[in-house]
Amino acid sequence: MCWQQLRHYSLSKYVDPKAREAYLSAGPIVVDGNMNEAAWNSVQEYLVFGPNAPSTMQMQGVTGGVHVTNAVPYIDTTFTKMKFLKVGNKLYIGFWSDDKHVCRFGDSWEGDGLFMKIKNAAGQEKEYKLYFNAPGINSDMVYEAQAPGMGMGLKGSNTIVNDTTQIDNGYSAELLIYLDSLGYDANVKSVPVMINIFDPDKYHHGMIPWVAPGTFYKTWWGSEWGPVMRELVFFQDPPALDVRVAQAPIVVDGLLNEADWQFQNDYLIFGPTSMPPPMAKTVTSTVLVKGPYADTTLTPLKVIRMGSKLYIGFASTDKSVCRFGDSWEGDGLFMKIKDAANVDKEYKLYFNAGGANPNMVYEGPGANYGSGVGVKAVGTVVNDTTQIDNGYSAELMIDLATLGYTTVPATVQVMFVLFDPDGYHNGMVPWGEKGTFHKTFWGSEWGPNMRTLNLTTLPTPVELTSFTAEAANGDVQLSWTTASESNNSGFQVERSIDGTIFSAIAFVDGKGTTTDRTNYSYIDREVTGSLYYRLKQIDLNGEFAYSNVVEVSNVVSDYALDQNYPNPFNPSTTISFAVPTKSFVTVRVFNVLGKEVATLANSEFESGKYTLDFNATNLASGIYYYTISAGNFNATKKMILMK
């Protein structure tokens, strides 16, 4: 096996989470490399770098790795762990390693520590480095950056950098990136990054990179140098949520099947942070009560009202619905709301009953204060670990009049907590060997921090039931349907090339107020590439809400067959082609005598651009031709196999 092939041989299976959370913190964080602030200890989910890294839901291995100096065995069994914090517009990255040989990679520019890229709001990549790349015995960590920030490293006790005469005790480091200097505002949901951890070992001051006993391994999240990125996502913790007025009665049956629940407006989403849908707002933070926690399901929560009655609806796709052993907590909602006298009142709607497959339990502050019902999804068996559940849905009603409000207030103060225990069978205890428990909260876990519900007089807006995009012949056909509309001025059609920054391209008039089903469409003509679309539905009074985002990949305007790359090649190359509309495509390879030696494609393809791999290991060196037939399009190109 040649050296190029060895470079990308992975010693372990990497988990490669596509997103990781940067926890919100009030700060302050002192960038001294110590990571001794309490906020770092609150971070429950983090990355671990290194070959054969152990992974749990909290500590996840990254994308891949490469043994750079493969001629010398890499025997290091230490790892580097990394956490993320966000304080206002500041992103903090903390990492620590128990590395036994802290050094730079000979006399090269690389050394133990971090190399990363982050995209600014305009999509441009900016590099940050925080690493031991300086020469000399016991040199300090070096910070380098292409954008504003700062960094500091701290050597472990007995660590002497670039010195192989003893065993080191690792290092810790803190990096600060100013997000506003990268063009991001306070509402940023995520930032794309790629992160490398360099780990050279056994290099003494004065050694060159490629000689024994020195060895070098890198591990990365995203890619080694780019362009593949991953997402750092942020709990948004909105201080308030607007509550709209339902247009029809709500039946508290847990089904959430009234049209008003489908309205397009901001809502909360609870659970391990991932990239939230466009209208969803991630909440304040999480608490890992008992790990390891492996659930990735999310629970959206919406709030609407009718008169003095407040309705809270939530639904989960939880795969293990249960209570927390034999404790009082279980899957579902715990909340507090301030009454008119500013006294906290508790409501619970959760699976906290024992036994096999119990129903959801509602608990309020007293009789007639409200009601609540939960419904198990088909296939869900509560407190049963012998099968996979399909979640639940639930509705809670709070009568504000019973809380002392003589009229509907402009705002009310609340805190929401979503409990999610997993893996508990009926009869198990909470703190035994099995079972995990994770909470997510808006406001605080128990109090006193609260958040605000703005009780508006606005009706629930347009009920959008579908929104699709389809590419054909260089155009994109957008289609959407509403089941009903209330005060709808119309739809502003918006387009983006990155899914983040959108521009208006058209406006389609709405129907005002109607209970009829209405179909809409718009054609975006003569476009190319990968595009994102959304609708901005605007009410007659100027209020607006966004639809979900739909993506169209590889929009092309004409048939094409590209030159293979690389060319000449040995033994593999790639061949790309494009079809502007759904077509049956045949791609074949022939030798100079006209004999077919390979069929790379012989099937139907949707509109778009595609890449095929061609491996010529079993063929002789020489000139070959590849052809495409798609619709009325035919083309041939030449390539050279050189062994």
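Annotation for the stretch 475-482: no member residue is in contact (Cβ under 8 Å) with a residue 40 or more places away in the chain, buried (at least 20 other Cβ atoms within 10 Å of the Cβ) and within 26 Å of Lys290 (Cα to Cα). Just name the residue that is farthest from Met116 (Cα to Cα) out of those in the stretch 238-255 that are open to solvent by less than 30 Å² (accessible area, probe 1.4 Å) and either of a type in the set (Phe, Trp, Tyr) or assigned to a loop (DSSP other than H, G, I, E, B) (or both). So the residue we want is Ile250.
Can you confirm whether Thr63 is within 22 Å of the chain's Cα centre (by Cα) and open to solvent by 10 Å² or more (accessible area, probe 1.4 Å)? Yes: the conditions hold for Thr63.
Hand me the list of strands (runs of 3 or more DSSP E) wholly inside the stretch 87-133 holding 3 or more residues that are under 20 Å from the mean Cα position of the chain (by Cα) and modelled with pLDDT of 95 or more. Write out each step before concluding.
Numbers: elements: 90-97, 113-119, 125-131.
Ranges flagged: 90-97, 113-119.
Is it the case that Lys345 is open to solvent by 50 Å² or more (accessible area, probe 1.4 Å), in a strand (DSSP E or B), modelled with pLDDT of 95 or more and basic (Lys, Arg)? Taking the combined requirement at face value, the residue satisfies it. For the stretch 256-270, the set of residues classified as under 24 Å from the mean Cα position of the chain (by Cα) and not hydrophobic (A, V, I, L, M, F, W, C) consists of Gln262, Gln264, Asn265, Asp266, Tyr267, listed by residue number.
Could you please find all residues in the stretch 576-593 being outside any strand (DSSP E or B) and open to solvent by 50 Å² or more (accessible area, probe 1.4 Å)? First the steps, then the outcome.
From the stretch 576-593, those outside any strand (DSSP E or B) are 580-582, 592-593; that's our starting set.
Answer for the stretch 576-593, where residues must be outside any strand (DSSP E or B) and open to solvent by 50 Å² or more (accessible area, probe 1.4 Å): Lys582, Val592, Leu593.
Restricted to strands (runs of 3 or more DSSP E) entirely inside the stretch 597-643, those with at least 2 residues that are among the hydroxyl-bearing types (Ser, Thr, Tyr) are 608-615, 622-630. For the stretch 457-474, the set of residues classified as open to solvent by 30 Å² or more (accessible area, probe 1.4 Å) and of a type in the set (S, T, N, Q) consists of Thr457, Thr465, Ser466, Thr468, Asn473, listed by residue number. Based on this model, can you work out whether Gly435 counts as crowded, with 20+ Cβ neighbours inside 10 Å, touching a residue at least 60 places away in the same chain (Cβ under 8 Å) and small (Gly, Ala, Ser)? Yes. If the condition is being among the acidic types (Asp, Glu) and in contact with a Ser or Thr (Cβ under 7 Å, 6 or more places away or on another chain), then the stretch 552-595 contributes only Asp562. Among the residues of the stretch 299-335, those identified as buried (at least 22 other Cβ atoms within 10 Å of the Cβ) and part of a loop (DSSP other than H, G, I, E, B) are Asp318, Ser320, Val321, Cys322, Phe324, Gly325, Asp331.
Can we say Trp442 is open to solvent by 20 Å² or more (accessible area, probe 1.4 Å) and either at pLDDT below 95 or under 27 Å from Leu24 (Cβ atoms) (or both)? Even if it seems obvious, please write down each step before you answer.
Values: open to solvent by 20 Å² or more (accessible area, probe 1.4 Å): no; either at pLDDT below 95 or under 27 Å from Leu24 (Cβ atoms) (or both): yes.
Answer is no for this residue.
The values are calculated or read from the model by the stated rules, or taken from the named source; none is laboratory data. These numbers were taken from a predicted model, which means no experiment stands behind them. For neighbour counting, all protein chains shown are included, and Cβ atoms are generated from backbone atoms with ideal geometry for every residue, glycine included. The protein model used for the area step is the full one, side chains on, heavy atoms only, and it has no ligands, DNA or RNA in it. Shrake-Rupley method; radii C 1.70, N 1.55, O 1.52, S 1.80 Å.
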